[in-house]
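Participant: The structure follows.
The values are calculated or read from the model by the stated rules, or taken from the named source; none is laboratory data. Keep in mind that what you see is a predicted model, and the values were worked out from it rather than measured. All Cβ positions, glycine included, derive from the backbone under ideal geometry; neighbour counts span all protein chains shown.
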Amino acid sequence: MSWVTKTLSSTLGRKLIMALTGLFLILFLTGHVSGNLLLFKNDGGEAFNIYAKFMTTNPAVKLLSWLTYLSIIGHVIYSIILSRKNKSARPIGYSESKASTNSSAASRNMGVLGTVILLFIVVHMQSFWAQMHWGSIPTVTYGGEEYKDLYSIVYAAFQVEWMVALYVIAMIFLGVHLSHGFASAFQTLGLNHKKYTPAIEGLGKFYCIVIPALFASMPLYIYFTQS
Amino acid sequence: MILDSKSPAGPLAEKWTKHKFTSKLVNPANKRKYEVIVVGTGLAGASAAASLAELGYNVKAFCFQDSPRRAHSIAAQGGINAAKNYQNDGDSVFRLFYDTIKGGDYRARESNVYRLAEVSVNIIDQCVAQGVPFAREYGGLLANRSFGGAQVSRTFYARGQTGQQLLLGAYSALSRQVANGKVKLYPRTEMMDLVTIDGEARGIVTRNLITGAIETHAAHAVLLCTGGYGNVFFLSTNAMGSNVTAAWRAHKKGAYFANPCYTQIHPTCIPVSGDHQSKLTLMSESLRNDGRVWVPKTVEMAEKLRKGQIKPSEIKDEDRDYYLERKYPSFGNLVPRDVASRNAKYVCDEGRGVNETGEAVFLDFRDAIKRDSEDAIRARYGNLFDMYQQITGENPYQTPMMIYPAVHYTMGGLWVDYNLMTTVPGLYALGEANFSDHGANRLGASALMQGLADGYFVIPYTLGDYLAQNLATKIDANHPEFAKAEAEVKAKIQKLLSIKGTKTVDYFHKRLGKIMWNECGMARTAEGLTKAKAEIKALRAEFWKDVKVLGANEELNQSLEKAHRVADFLELGELMVDDALNRNESCGGHFREEYQTPEGEALRDDENFAYVAAWKYMGDEQEEELNKEPLVFENVKLTQRSYK
Amino acid sequence: MKLTLKVWRQKNNSDKGGFVNYPLDGISKDMSFLEMLDVLNEELSEKGEDPVHFDHDCREGICGMCSLYINGKPHGPQQTTTCQLHMRSFSDGDTITIEPWRAAAFPVVKDLVVDRSSFDRIIQAGGYVSVNTGGVPDANEIPIPKIIADEAFDAATCIGCGACVAACKNASAMLFTSAKISQLAMLPQGQVERKNRAEKMIAQMDEEGFGACTNTGACAAECPKGISLTNIARMNREYFSAVLSSDNV
């Protein structure tokens, strides 16, 4: 084994991958949420559609999207590998456990939370991302240029009650996942310091509430204001 | 028989240097042909095993615990002495030597003690190089404190866990040699007997505590680093597993046992709370720097306290007897361990004990808290106060601590010469297992020093001298002596398992402990000792008739393990009593009520008892034979200790 | 106090094992948890039943030999060792469940006794400074800032009991391993072998079959000596910088 594969197959190497992909996905979420804020603009979706076209055509953004796909896949695969290793580290469990007294529920259930989020991502990408790339969606013209009208797809989707509910619930799961994942990624990278860790933890708390809340507000906003 | 200590001739300060030079050396290429067995992995054992392996010898290290890191050296709190004179306060090798000899009440061998003081400085260097995190000053240099009434600050420490840090240092050195393949580790393995061939130690018989397998191991030399025998008292500050078995079985194979009656009773332990008590916990003696020891002046008031009718804080100052301050105005609460212990016993014997069992005195921090604030006291003793609260459920910031003396250390042990060799050639004893350096009383922070001195800096030289005189040919493990010793061990196990009596092992151990504590504890009398001897004999006979050991040999069997240990304690106990009866004087940890000054202090008899009493085993149920090693003091003047 | 003990009994490593209930009476609040088990064992012995085997030695909270998973927590309800746990932490009529440490790397030997030699092997992989006896510099030759020495000491107080592994949902030994790596990484004496040590000890830790870290913090919360999670972060740092810069290909 070369030192690279050896490192990446060690528990710490695998954790490193989880942390790096996780942090990249946190960055992605930040970008994703800020762009999508255009949904709140009362312009019939113009700004949003222009943004959507930019995001699917710009080469730099394309590279970033590929990194995002890779991160998701890496994050998922390595979580499976680690979960299996962790499971085999304790083949016989305890008959009684008071884990709630020593750790947060989020930290103990990252796998479950992640699985729900993954399922959500599948639905989410199927609804919008796949439509945008390969679906036949109506087009609109702004200033002589033709754009795919993703806004109308979004608008239609968020008229459906169960879709709105799904999004809101998924965002709660995401928030809980991030409530542990954000600071945990820094800890895994070894970035723990008396001076900075409180700030990282504070930022993590802020992030895990604000970002999912903003995401969740979008379907709610559309559902309640636009119908 | 007069024992030869083999102390080198010449001026004290040159003895060790000269001895190292005259000792024979083993050719470096030959070292790998020698096998050495080390039993016990505490400070002495781990440091010896590691150092010998570094030299190239093949070492087998045995411990009964699941890991070498658990050895009871780990529990030492206070610190380790070394004559570094880092504090510029007048310390020197000679002063440490002098303090140790005097502290031991002039019952230790000068040459050994001087060597101990001499190598003490190397120990600190060694430990720091291993990464032991000693306490430091803000400037980055090592911190020292004065300990146990010493006039100089020579004690190095790592908070209240010095023993732990030193042991983990030695354990790390040992682990490195295990990784190098020079030490083979045998955890959860207990030594059951010594194998001698033509009078020389050539191996041991062991029991694998998990499978029960009885095995033999051959070697060119055997080192016993098996600690002390304080558990003969049942209740002591020793670990539950600490035992005398290895040393005792070696004794029965010809190693003389020296000064068995010298036991140290530590004054500041948490008192016994009931019959269920399994062990006693030491509170660092540093507490006496700020705490004041007292009991009520009257028995009536003490009774009220015991019944819970009044609280200690309700007792007015004029009704309190700060008896140490009253009797020893200049040393007060800081009198040496033996004096503090004995006085606690006296006031409790008078009926003035303060807890339910009547065996406790107060150690009160009220005045210190008033003077220095609670925070200052917390900074000094916080971890000790927490420990006290954890065990007793009482808050010592609000109500005075209760303390009582407990058996802590045994100065006696296998007799060794200057080379640490016992009377069996090839058999060595290191650390608390030997008798050598502390005389009749050990000073605080000296046990760690001795264990590491023996293991790191003495045995690597003296063992070489012996091995160089032995051929490096492999010891034949098929020699009939091995089979014989193995058969004896198996027979003994079979015997224990087949008694199938009615009383548990603990039942006997507790009864033995009570006899020892009452008659061979803090204060002894000829009458009491004579009575104790008869009682121990009877108890031993009862044990072999009526003990109940459950289970089989071929499994993890903790009651069988314990039965072996208690069987040996039942024999050792009698020897301790014999030794205490023989020593018609009071010295250090041995206080015979018949021999005291008019003020009630220990009265030595240097004319008749300035010797080491080394006992030779003469056979089952036979009286042991007394051998003497006269103690000659060429460098110190014998004086009476006084703490008035 | 009257109690019911639900104790894991297992004859040996190949036995399947199971819980057995023992009623116990006359327990005093002043007893330590292990003394309470002593009482049970005396009763069992008197009845001719095999006593419950458990590891213990110093009974003053420092040797690290005692273990036991008590009512769903390593070393029971207090953040201390089992030997320092006292019965006043329980109430009359309680049922107390006692299980062995559960981890693939800590196989059960008998009843509540487990084999923790995997910890020894992790230390043997590099938890030391390679200095021979003798020939070392004077102890005061290298000054060490007090704050560093204190922090190294905090890491060095690990007693190797295995509560961290027992508490961790992944049976991970990161806290144990990181405590030793941290101690030696902080001290000047540990610098020479710093990279090698991190790589080797972690490789050994993995080989022993311990799980990975999810940063739940359960280990530090249950550690009787309060070893901090910052040690794990430091170990991660040590490891990543070691693999990137060491000469081990």
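Participant: Keeping to region B:476-512, report how many residues are within 29 Å of the chain's Cα centre (by Cα) and farther than 13 Å from B:I204 by Cα.
Facilitator: 12
Participant: Are there any pairs with C-beta distances below 6 angstrom linking a residue in region C:19-40 that is at negative phi and assigned by TED's automatic domain parsing to the domain that holds C:M65 to a residue that is surrounded by fewer than 20 Cβ atoms within 10 Å (Cβ to Cβ) and of a type in the set (D, E, K, R), with the two at least 6 apart or on different chains, and if so which?
Facilitator: C:F19/C:K6; C:V20/C:R9; C:N21/C:K6; C:D25/C:K2; C:K29/C:R88
Participant: When residues of region B:610-623 are filtered for being without any contact (Cβ under 8 Å) to a residue 60 or more places away in the chain and surrounded by 12 or more Cβ atoms within 10 Å (Cβ to Cβ), how many remain?
Facilitator: Number of matching residues: 1.
Participant: Grab the helices (runs of 4 or more DSSP H) fully contained in region A:100-188, keeping just those with 3 or more residues being within 14 Å of the chain's Cα centre (by Cα) and within 14 Å of another protein chain (Cβ to nearest Cβ).
Facilitator: Where helices (runs of 4 or more DSSP H) fall fully within region A:100-188 and carry at least 3 residues being within 14 Å of the chain's Cα centre (by Cα) and within 14 Å of another protein chain (Cβ to nearest Cβ), they are A:110-124, A:161-188.
Rundown of residues vs (1) aromatic (F, W, Y); (2) part of a helix (DSSP H, G or I); (3) touching a Phe, Trp or Tyr at 6+ places or on another chain (Cβ under 6 Å), yes/no style:
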residue	(1), (2), (3)
B:W544	yes, yes, no
B:E554	no, no, no
B:E561	no, yes, no
B:A580	no, yes, no
B:N584	no, no, no
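Participant: Turning to a different aspect of this structure: Which condition does B:V299 not pass, out of (1) surrounded by 21 or more Cβ atoms within 10 Å (Cβ to Cβ); (2) at pLDDT 95 or above; (3) of a type in the set (V, I, T), if it passes all the others?
Facilitator: Of (1) surrounded by 21 or more Cβ atoms within 10 Å (Cβ to Cβ); (2) at pLDDT 95 or above; (3) of a type in the set (V, I, T), only one is false for B:V299: (1).
Participant: Looking at B:Y409 and the list (1) part of a loop (DSSP other than H, G, I, E, B); (2) among the aromatic types (F, W, Y); (3) within 30 Å of B:R145 (Cβ to Cβ), which single condition is not satisfied?
Facilitator: Just one mismatch for B:Y409, condition (1).
Participant: Given the structure, is C:D115 surrounded by fewer than 22 Cβ atoms within 10 Å (Cβ to Cβ), facing another protein chain (nearest Cβ under 8 Å) and under 22 Å from B:I210 (Cβ atoms)?
Facilitator: yes
Participant: Further question: Can you tell which of C:V136, C:V109 is at the interface with chain B (Cβ under 8 Å from one of its Cβ atoms), of a type in the set (A, V, I, L, M) and surrounded by fewer than 21 Cβ atoms within 10 Å (Cβ to Cβ)?
Facilitator: When all the criteria are applied, what remains is C:V136.
Participant: Here is a list: C:S130, C:S228. Which entry is of a type outside the set (F, W, Y) and more than 7 Å from every other protein chain (Cβ to nearest Cβ)?
Facilitator: So the residue among C:S130, C:S228 that is of a type outside the set (F, W, Y) and more than 7 Å from every other protein chain (Cβ to nearest Cβ) is C:S228.
Participant: Can I ask one more? Against the definition (out of contact with any helix residue (DSSP H, G or I) (no Cβ under 7 Å at 6 or more places or on another chain), within 14 Å of chain C (Cβ to nearest Cβ) and not polar (S, T, N, Q)), how does B:K495 come out, yes or no?
Facilitator: Spelling it out, it is not the case that B:K495 is out of contact with any helix residue (DSSP H, G or I) (no Cβ under 7 Å at 6 or more places or on another chain), within 14 Å of chain C (Cβ to nearest Cβ) and not polar (S, T, N, Q).
Participant: Looking only at region B:450-484, which residues are in a helix (DSSP H, G or I) and at pLDDT below 95?
Facilitator: Scanning region B:450-484 gives no hits.
Participant: Give me a count of the residues in region B:465-483 that are surrounded by 13 or more Cβ atoms within 10 Å (Cβ to Cβ) and either out of contact with any strand residue (DSSP E or B) (no Cβ under 7 Å at 6 or more places or on another chain) or charged (D, E, K, R) (or both).
Facilitator: So the count comes out to 7.
Participant: Okay, moving on. Tell me, yes or no, whether region C:63-71 has at least one residue that is of a type outside the set (S, T, Y), within 14 Å of chain A (Cβ to nearest Cβ), over 30 Å from B:G228 (Cα atoms) and within 21 Å of the chain's Cα centre (by Cα).
Facilitator: Looking for residues that are of a type outside the set (S, T, Y), within 14 Å of chain A (Cβ to nearest Cβ), over 30 Å from B:G228 (Cα atoms) and within 21 Å of the chain's Cα centre (by Cα), one finds at least one in region C:63-71, hence yes.
Participant: Any idea which residue in region C:92-101 is surrounded by the most Cβ atoms within 10 Å (Cβ to Cβ), counting only those that are in a loop (DSSP other than H, G, I, E, B) and over 12 Å from the mean Cα position of the chain (by Cα)?
Facilitator: C:P100
A quick yes/no check of all residues on (1) crowded, with 17+ Cβ neighbours inside 10 Å; (2) part of a loop (DSSP other than H, G, I, E, B):
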| residue | (1), (2) |
| --- | --- |
| A:L27 | no, no |
| A:L38 | yes, no |
| A:D43 | no, yes |
| A:F48 | yes, no |
| A:M55 | yes, no |
| A:L63 | no, no |
| A:L70 | no, no |
| A:K87 | no, no |
| A:P91 | no, yes |
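Participant: Additional query: Scan region C:52-91 for residues that are surrounded by fewer than 24 Cβ atoms within 10 Å (Cβ to Cβ), touching a helix residue (DSSP H, G or I) at 6+ places or on another chain (Cβ under 9 Å) and among the charged types (D, E, K, R) and report the count.
Facilitator: 1
Participant: Oh, and also: Out of the residues in region B:207-244 meeting the condition of being farther than 30 Å from B:A477 by Cβ and part of a loop (DSSP other than H, G, I, E, B), tell me which one is nearest to the chain's Cα centre (by Cα).
Facilitator: B:G228
Results for (1) under 21 Å from the mean Cα position of the chain (by Cα); (2) at pLDDT below 95; (3) over 29 Å from B:M387 (Cα atoms); (4) of a type in the set (A, V, I, L, M), shown as yes or no for each residue.
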site: B:A246; (1), (2), (3), (4): yes, no, yes, yes
site: B:K253; (1), (2), (3), (4): no, no, yes, no
site: B:C261; (1), (2), (3), (4): yes, no, yes, no
site: B:M283; (1), (2), (3), (4): yes, yes, no, yes
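A quick yes/no check of all residues on (1) within 14 Å of chain C (Cβ to nearest Cβ); (2) touching a residue at least 12 places away in the same chain (Cβ under 8 Å); (3) buried (at least 24 other Cβ atoms within 10 Å of the Cβ); (4) not β-branched (V, I, T):
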residue	(1), (2), (3), (4)
B:G103	no, yes, yes, yes
B:G140	yes, no, no, yes
B:G149	no, yes, no, yes
B:A179	yes, no, no, yes
B:P187	yes, yes, no, yes
B:M192	no, yes, no, yes
B:V195	no, yes, yes, no
B:T206	no, yes, yes, no
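Participant: So which residues in region C:27-41 are surrounded by fewer than 16 Cβ atoms within 10 Å (Cβ to Cβ) and at pLDDT 95 or above?
Facilitator: Selection gives nothing.
Participant: Taking B:G78, is it touching a residue at least 40 places away in the same chain (Cβ under 8 Å) and more than 14 Å from chain C (Cβ to nearest Cβ)?
Facilitator: no
Participant: In region B:629-644, what count of residues is obtained for those that are closer than 30 Å to B:K252 by Cβ and surrounded by 15 or more Cβ atoms within 10 Å (Cβ to Cβ)?
Facilitator: Residues that pass the stated criteria total 2.
Participant: For region B:272-283, which residues satisfy the criterion of being crowded, with 20+ Cβ neighbours inside 10 Å, touching a residue at least 60 places away in the same chain (Cβ under 8 Å) and either assigned to a strand (DSSP E or B) or not β-branched (V, I, T) (or both)?
Facilitator: B:S273, B:L280, B:L282, B:M283
Participant: Considering each of A:N49, A:N42 in turn, give the residue that is out of contact with any helix residue (DSSP H, G or I) (no Cβ under 8 Å at 6 or more places or on another chain), of a type outside the set (A, V, I, L, M, F, W, C) and more than 10 Å from chain C (Cβ to nearest Cβ).
Facilitator: Just a single option satisfies the conditions, and that option is A:N42.
Participant: Would you tally the residues in region B:302-355 being of a type in the set (G, A, S) and surrounded by 16 or more Cβ atoms within 10 Å (Cβ to Cβ)?
Facilitator: 6
Participant: Of the residues C:D150, C:D120, which is without any contact (Cβ under 8 Å) to a residue 24 or more places away in the chain, within 12 Å of the chain's Cα centre (by Cα) and facing another protein chain (nearest Cβ under 9 Å)?
Facilitator: That would be C:D120, the only listed residue that is without any contact (Cβ under 8 Å) to a residue 24 or more places away in the chain, within 12 Å of the chain's Cα centre (by Cα) and facing another protein chain (nearest Cβ under 9 Å).
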